[in-house]
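*Asks:* Got a structure for you, questions after.
The values are calculated or read from the model by the stated rules, or taken from the named source; none is laboratory data. None of these values were measured; they are calculated from a predicted model. Backbone-built Cβ (ideal geometry, glycine too); neighbour counts: all protein chains shown.
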Amino acid sequence: MHKNNKELTLSAPLSGPVLTLAKVPDAVFASGAMGDGIAIDPLNDTLHAPCAGVVVHVARTGHAVTLRADNGAELLLHLGLDTVELQGQGFTMLVEEGARVTNGQPLLRYDQDKVAQQCKSLVSLLILTNSQDFQARPITLKSVRVGEPLLHIIRRQVAGAQAEAEPVGEEIVGHIRIAHRGGLHARPAALIRQTAQGFKSKSKLHFGGKSATCDSLIGLMGLAIGEQDDVQVSCQGPDAEAALQALLTALSTALAEEHHAAAPTPMVQRQRVPEAGVLHGVCAAPGLVAGPLFRLSAISLPADAGHNDPAQQRQTLDTALTQVHSEITATLSQARKHKQTDEEAIFAAHLALLEDPALLDAAHHSIDLGTAATHAWSQSIDAQCDVLQQLGSALLAERANDLRDLKQRVLRALLGEAWHYELPPGAIVAAHELTPSDLLQLSQQGVAGLCMAEGGATSHVAILARGKGLPCMVALGASLLDQQQGQAVVLDAEGGRLELMPSVERLAQVEQAQLDRRQRRAEQQAQAHSPAQTVDGLHIEVAANVASSEEAANALANGADGVGLLRTEFLFVDRQTAPDEREQHHAYQAVLDAMGDKSVIIRTIDVGGDKQLDYLPLPAEANPVLGLRGIRLAQARPEILDQQLRALLHVTPLSRCRILLPMVTEVDELLHIRQRLEALCHELGLSQRPELGVMIEVPAAALLAEQLAEHADFLSIGTNDLSQYTLAMDRDHAGLASRVDALHPALLRLIAQTCAGAARHKRWVGVCGALASDPLATPVLIGLGVSELSVSPVQIGEIKDRVRHLDASECRRISQDLLKLSSASAVRHACHQHWPLR
Ligand code: PEP
Ligand code: MG
């Protein structure tokens with residue numbers, strides 16, 4: 001969608017979970033050196049154009065392509081990490097340099113299995129290479145499908161565009177041979193650009209009759225410089241000599257990871273020295289567990305003489321297919337309900353496959369020849385798998401595995417076999433290859449780990465295993481299936497090792513670690529429903545952050561003392577029209593109903609900034625995070641806030657509903673909403689008033705806490721935004737991610753001041769930002785005077801447990817000293833010393 005010359009919405013080029021750059025396991029991308037952007041861990045095999053534009057660069061090795069959008073934004077689409085090493089193998093480029101492409105047009109196809117096995121990671125990047133002119137804002141950090149909105153690209157405002165100054169002084173020139181593996185592809189080019197930008201001089205590279213300024217990533221990549229090519233470097237300006245030396249060094253020094261990768265990487269197990277009694281494989285989901293090995297064998301079919309009644313067999317097959325259809329539909333709706341998007345996507349694909357006429361036609365054809373439904377179905381799937389194999393398709397492995405999944409499910413239904421394995425407790429399951437349905441079933445039956453002779457680390461099963469926290473290894477080789485049933489093994493997934501003959505001591509060590517972990521978790525869960533008090537008797541309310549009534553019910557089941565933050569903007573985003581008062585009321589009431597007799601803090605809509613609504617256009621902003629967002633919406637669109645307040649005033653009982661205002665900076669904003677609430681209550685004939693609280697997420701609010709507390713019923717600290725605004729670091733900035741730490745002493749001082757201000761008016765203070773979920777911070781927050789922590793639902797037991805082991809008076813004493821420290825890391829270090837994590 002091309003709104004104007006400045007703003008552009010990019011659609012997802014791949015399907016899969018979205019990651020911020022900071023989470024990408026590659027120092028150059030993660031640091032933001034190549035520009036702003038986002039990453040996707042892909043589930044599909046084709047990269048699509050995220051917008052219309054012109055292909056300005058195609059990597060020689062076919063693993064990356066750069067587009068220039070019509071508004072001038074340059075977008076590098078880079079498939080996988082270190083994929084330049086594959087020298088084009090497994091990649092098919094579908095467009096040529098100079099071509100014009102439309103939004104969504106396929107750009108390149110790759111062989112998922114091959115690439116996944118041979119490269120460091122499939123995580124793929126969308127990088128805005130001219131980030132100096134444009135800014136990227138993620139629209140979502142959830143899983144996406146191709147074509148769904150992913151990023152907003154906004155042109156940066158330049159105060160009085162300055163004419164580029166002509167470089168002065170003599171131009172000096174040098175020559176160098178390129179040491180970077182694979183030549184000057186995206187990552188080394190980014191480092192060259194970064195090096196050049198450290199100097200005032202203008203620098204250029206010259207190769208093959210072409211020249212490019214070192215300021216332009218695209219220009220540098222466009223020179224198509226290969227490894228060991230000789231290039232000329234020219235620099236002109238006041239520090240030309242130093243710039244030239246720095247660039248020559250940067251060009252002739254391969255990246256650290258490249259040296260490392262130079263020992264041909266591919267499959268992890270091939271590099272290893274064989275160890276007796278150990279099978280090596282690839283980690284698909286991390287974890288260390290010990291347990292009896294349990295081999296799953298394939299279903300065996302009864303012999304078929306081939307003289308069956310076709311009508312009866314068709315009927316039998318139809319019944320089985322209907323049964324499987326409804327089972328998958330149930331799995332799908334569960335996944336939808338629990339917002340397990342990966343699971344939902346995978347089983348939606350299964351449902352589509354199950355309805356595929358080719359499969360059904362082939363099975364019916366065999367049945368008509370007298371074959372039993374079981375064999376007919378089995379043969380139909382096998383034939384389809386063979387077709388995929390012969391095509392050598394990129395999707396081959398995954399689709400075939402998904403087909404085999406359906407084969408098993410339908411055969412089970414036909415044979416009337418219950419889907420339940422007789423497993424020893426805590427088993428480590430070994431199989432040729434497990435299917436997504438196997439995994440769901442096995443995880444319900446409490447297996448400890450999974451290992452497969454085949455399979456890839458990016459398969460659907462691997463994704464599900466990671467989501468369920470089940471250690472899983474793939475590609476262990478056929479000898480896995482020769483191991484003895486029931487033998488004790490150790491699965492060290494991160495180490496890529498299956499230890500077949502662990503010593504008694506090793507087993508005891510792994511089992512003890514496992515036991516301790518489990519026991520701690522069980523103890524915490526068992527106590528999660530009791531109130532949390534420190535050893536000296538201070539009660540701390542541990543509530544939950546939720547976004548829906550389903551999550552609220554889950555939080556209550558996990559022991560939440562209430563809802564500390566309902567982010568209502570989730571009701572407003574991802575839709576075409578605004579929810580009306582009735583719909584809003586139902587949604588808020590459902591959360592109250594899900595929480596039994598506990599109280600619920602509902603925050604008024606917090607859009608603007610990074611959260612934009614299609615149906616609620618707000619004025620374009622140079623700095624949206626500093627613009628009309630949060631409660632400032634009352635200034636721009638008062639009717640929206642009025643409608644939400646009305647919907648909130650209709651919930652019952654009103655005594656359990658507390659209203660929270662985001663992004664307040666001064667007392668008048670609070671007083672204005674108080675007046676509106678008063679007027680609306682009057683209009684509705686209500687005698688009761690809901691409590692009204694203020695979020696402390698702007699330094700101004702923390703500094704004015706005393707004045708705010710005079711008119712508010714409670715304060716709730718949003719440490720996510722408070723960090724951003726106090727440290728002047730974008731909370732989503734990839735390169736600053738490790739430094740946006742709310743345990744910074746400056747934030748602690750603001751938290752202390754907030755609590756002191758609130759105490760003067762006998763108001764309570766909670767924390768609903770991410771710091772509340774960090775057990776290392778629990779003693780500090782209690783020490784500074786916080787009495788409510790609103791955490792993610794899964795952490796309620798853990799945080800309550802942490803509270804119960806603390807002495808509040810000691811927390812107070814030590815926290816005062818922490819305020820005097822000079823950095824967040826010093827605070828973290830001190831916390832580990834004073835209050836070690838269990
Ligand atoms: C915060 O800023 O800490 C907060 C809880 O609000 P959000 O993360 O929704 O901005
Ligand atoms: Mg916030």
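*Asks:* Across segment 135-170, which residue is surrounded by the most Cβ atoms within 10 Å (Cβ to Cβ) among those that are at pLDDT below 85 and of a type in the set (D, E, K, R)?
*Replies:* Arg137
*Asks:* Let me ask another. Could you look through segment 548-577, keep only residues that are surrounded by fewer than 18 Cβ atoms within 10 Å (Cβ to Cβ) and in contact with a Phe, Trp or Tyr (Cβ under 9 Å, 6 or more places away or on another chain), and pick out the one that is farthest from Pro149 (Cα to Cα)?
*Replies:* Thr577
*Asks:* Another question, if that's okay. Answer yes or no: is there a residue in segment 457-464 that is outside any helix (DSSP H, G or I) and farther than 24 Å from Pro17 by Cα.
*Replies:* No: zero hits.
*Asks:* Shifting gears a bit: Provide a single number: the residues in segment 346-363 that are within 26 Å of Ala330 (Cα to Cα) and either surrounded by fewer than 21 Cβ atoms within 10 Å (Cβ to Cβ) or polar (S, T, N, Q) (or both).
*Replies:* Residues that pass the stated criteria total 12.
*Asks:* For Ser822, state whether it is farther than 17 Å from Gly718 by Cβ, in contact (Cβ under 8 Å) with a residue 40 or more places away in the chain, of a type in the set (S, T, N, Q) and not in a loop (DSSP other than H, G, I, E, B).
*Replies:* No: the conditions fail for Ser822.
*Asks:* Kindly indicate which of Leu680, Leu628 is among the hydrophobic types (A, V, I, L, M, F, W, C), in a helix (DSSP H, G or I) and in contact with a helix residue (DSSP H, G or I) (Cβ under 7 Å, 6 or more places away or on another chain). Let's see the steps before the verdict.
*Replies:* On the way: Leu628 fails: in a helix (DSSP H, G or I).
None of the other options fit; the residue is Leu680.
*Asks:* Quickly run through segment 709-724 and pick out the residues that are within 16 Å of ligand 2 (Cβ to nearest atom), in a helix (DSSP H, G or I), surrounded by 21 or more Cβ atoms within 10 Å (Cβ to Cβ) and not β-branched (Val, Ile, Thr).
*Replies:* Within segment 709-724, Asp721, Leu722, Ser723, Gln724 qualify.
*Asks:* Can you find, within segment 725-742, the residue that is nearest to ligand 1 (Cβ to nearest atom) among those that are assigned to a helix (DSSP H, G or I) and either surrounded by fewer than 17 Cβ atoms within 10 Å (Cβ to Cβ) or at pLDDT 95 or above (or both)?
*Replies:* Only one residue tops the list, namely Tyr725.
*Asks:* Same structure again: Quick check on my filter: what residues within segment 562-589 are touching a residue at least 40 places away in the same chain (Cβ under 8 Å), within 16 Å of ligand 1 (Cβ to nearest atom) and of a type in the set (A, V, I, L, M, F, W, C)?
*Replies:* Scanning segment 562-589 gives Val563, Leu565, Phe572, Val573.
*Asks:* A further question on this structure: Condition (residue is surrounded by 14 or more Cβ atoms within 10 Å (Cβ to Cβ), assigned to a helix (DSSP H, G or I) and of a type outside the set (Lys, Arg)) applied to segment 492-509: is it met by at least one residue?
*Replies:* yes
*Asks:* Residues of segment 590-608 being assigned to a loop (DSSP other than H, G, I, E, B), out of contact with any Asp or Glu (no Cβ under 7 Å at 6 or more places or on another chain) and within 16 Å of ligand 1 (Cβ to nearest atom), which ones?
*Replies:* Thr604
*Asks:* Now for a separate question. State the number of residues belonging to segment 765-810 that are among the basic types (Lys, Arg) and under 26 Å from Ala712 (Cα atoms).
*Replies:* 0
*Asks:* Can you work out which of the residues in segment 791-819 that are assigned to a helix (DSSP H, G or I) and of a type in the set (Asp, Glu) is farthest from ligand 2 (Cβ to nearest atom)? It would help to see each step written out before you state the result.
*Replies:* First, the residues of segment 791-819 that are assigned to a helix (DSSP H, G or I): 793-804, 808-818.
This time we only want the ones that are of a type in the set (Asp, Glu), so: 798, 801, 810, 817.
Working: Glu798: 23, Asp801: 27, Glu810: 31, Asp817: 29 Å.
By that ranking, first place goes to Glu810.
*Asks:* Which pairs have Cβ atoms under 7 Å, sit 6 or more apart or on different chains, and link a residue in segment 305-331 that is in contact (Cβ under 8 Å) with a residue 60 or more places away in the chain and more than 17 Å from Asp368 (Cα to Cα) to one that is among the charged types (D, E, K, R) and buried (at least 20 other Cβ atoms within 10 Å of the Cβ)?
*Replies:* Correct list of pairs: Val324/Arg409.
*Asks:* What tally of residues in segment 514-547 results from selecting those that are modelled with pLDDT of 95 or more, under 18 Å from Ala594 (Cα atoms) and not in a strand (DSSP E or B)?
*Replies:* 2
*Asks:* Can you confirm whether Leu684 is more than 16 Å from ligand 1 (Cβ to nearest atom), under 18 Å from Gln584 (Cα atoms) and assigned by TED's automatic domain parsing to the domain that holds Leu750?
*Replies:* Taking the combined requirement at face value, the residue satisfies it.
*Asks:* Identify the residue in segment 650-668 that is of a type outside the set (A, V, I, L, M, F, W, C) and within 16 Å of ligand 1 (Cβ to nearest atom) and, among all such residues, is surrounded by the fewest Cβ atoms within 10 Å (Cβ to Cβ).
*Replies:* The extreme case among them is Thr665.
*Asks:* If you don't mind, there's one more thing I want to ask. Of (1) touching a residue at least 40 places away in the same chain (Cβ under 8 Å); (2) in a helix (DSSP H, G or I); (3) more than 16 Å from ligand 1 (Cβ to nearest atom), Gly559 satisfies all except one. Which?
*Replies:* The failed condition is (2).
*Asks:* Let me ask another. Since Leu86 meets every condition but one in (1) surrounded by fewer than 24 Cβ atoms within 10 Å (Cβ to Cβ); (2) within 30 Å of Leu613 (Cα to Cα); (3) not hydroxyl-bearing (Ser, Thr, Tyr), which condition does it not meet?
*Replies:* (2)
*Asks:* Quick check: is even one residue across segment 632-647 in the same structural domain as Leu747 (by TED's automatic domain parsing), within 14 Å of ligand 2 (Cβ to nearest atom) and either closer than 22 Å to Leu565 by Cα or small (Gly, Ala, Ser) (or both)? Steps first, please.
*Replies:* Initially, segment 632-647 is screened for residues in the same structural domain as Leu747 (by TED's automatic domain parsing), giving 632-647.
Next, from what is left, pick out any that are within 14 Å of ligand 2 (Cβ to nearest atom): 632-633.
Retained after the next criterion (residues that are either closer than 22 Å to Leu565 by Cα or small (Gly, Ala, Ser) (or both)): 632-633.
For segment 632-647, residues in the same structural domain as Leu747 (by TED's automatic domain parsing), within 14 Å of ligand 2 (Cβ to nearest atom) and either closer than 22 Å to Leu565 by Cα or small (Gly, Ala, Ser) (or both): present.
*Asks:* What strands (runs of 3 or more DSSP E) completely inside segment 1-92 contain at least 3 residues that are in contact with a Lys or Arg (Cβ under 7 Å, 6 or more places away or on another chain)?
*Replies:* Those strands (runs of 3 or more DSSP E) span 53-58.
*Asks:* Considering (1) of a type outside the set (Val, Ile, Thr); (2) within 16 Å of ligand 2 (Cβ to nearest atom); (3) surrounded by 20 or more Cβ atoms within 10 Å (Cβ to Cβ), say which one Leu626 fails and leave the rest.
*Replies:* Looking at each condition in turn, Leu626 falls short on (3).
*Asks:* Scan segment 412-441 and report the pairs whose first residue is surrounded by 15 or more Cβ atoms within 10 Å (Cβ to Cβ) and whose second residue is hydroxyl-bearing (Ser, Thr, Tyr) and not in a loop (DSSP other than H, G, I, E, B), with Cβ atoms within less than 6 Å and a gap of 6+ or a chain change.
*Replies:* Pairs that qualify, where the first residue is surrounded by 15 or more Cβ atoms within 10 Å (Cβ to Cβ) and the partner is hydroxyl-bearing (Ser, Thr, Tyr) and not in a loop (DSSP other than H, G, I, E, B), are Leu414/Thr374.
*Asks:* Another question, if that's okay. Counting only residues that are in a helix (DSSP H, G or I), away from ligand 2 (no atom under 16 Å from the Cβ) and under 19 Å from Lys820 (Cβ atoms), how many does segment 743-790 have?
*Replies:* The number of residues fulfilling the criteria is 14.
*Asks:* Filter segment 93-132 for residues that are under 30 Å from Val461 (Cα atoms) and assigned to a loop (DSSP other than H, G, I, E, B) and give the result.
*Replies:* Here is the first cut: in segment 93-132, the residues under 30 Å from Val461 (Cα atoms) are 93-94, 104-127.
Listed by number, the residues that qualify are Leu94, Gly104, Gln105, Asp111, Cys119, Lys120, Leu122, Val123.
*Asks:* List pairs: first in segment 159-180 and closer than 21 Å to Ala246 by Cβ, second modelled with pLDDT under 80 and small (Gly, Ala, Ser), Cβ under 8 Å, 6+ apart or cross-chain?
*Replies:* Pairs that qualify, where the first residue is closer than 21 Å to Ala246 by Cβ and the partner is modelled with pLDDT under 80 and small (Gly, Ala, Ser), are Ala179/Ala254; His180/Ala254.
*Asks:* Okay, moving on. Within the set of pairs 6+ apart or on separate chains, which have a first residue in segment 620-639 that is more than 16 Å from ligand 1 (Cβ to nearest atom), a second that is of a type outside the set (Lys, Arg) and assigned to a helix (DSSP H, G or I), and C-beta atoms under 7 Å apart?
*Replies:* Going by the 7 Å Cβ cut-off, the qualifying pairs are Ala634/Leu641; Ala634/His672; Ala634/Ile673.
*Asks:* Here's another thing I want to ask about it. With respect to Thr129, is the statement that it is surrounded by fewer than 22 Cβ atoms within 10 Å (Cβ to Cβ), within 30 Å of Ser211 (Cα to Cα), modelled with pLDDT of 80 or more and of a type in the set (Ser, Thr, Tyr) true? Don't jump to the end; show me each part of the working.
*Replies:* On the way: surrounded by fewer than 22 Cβ atoms within 10 Å (Cβ to Cβ): no; within 30 Å of Ser211 (Cα to Cα): yes; modelled with pLDDT of 80 or more: yes; of a type in the set (Ser, Thr, Tyr): yes.
Here the answer is no, as Thr129 does not meet what is asked.
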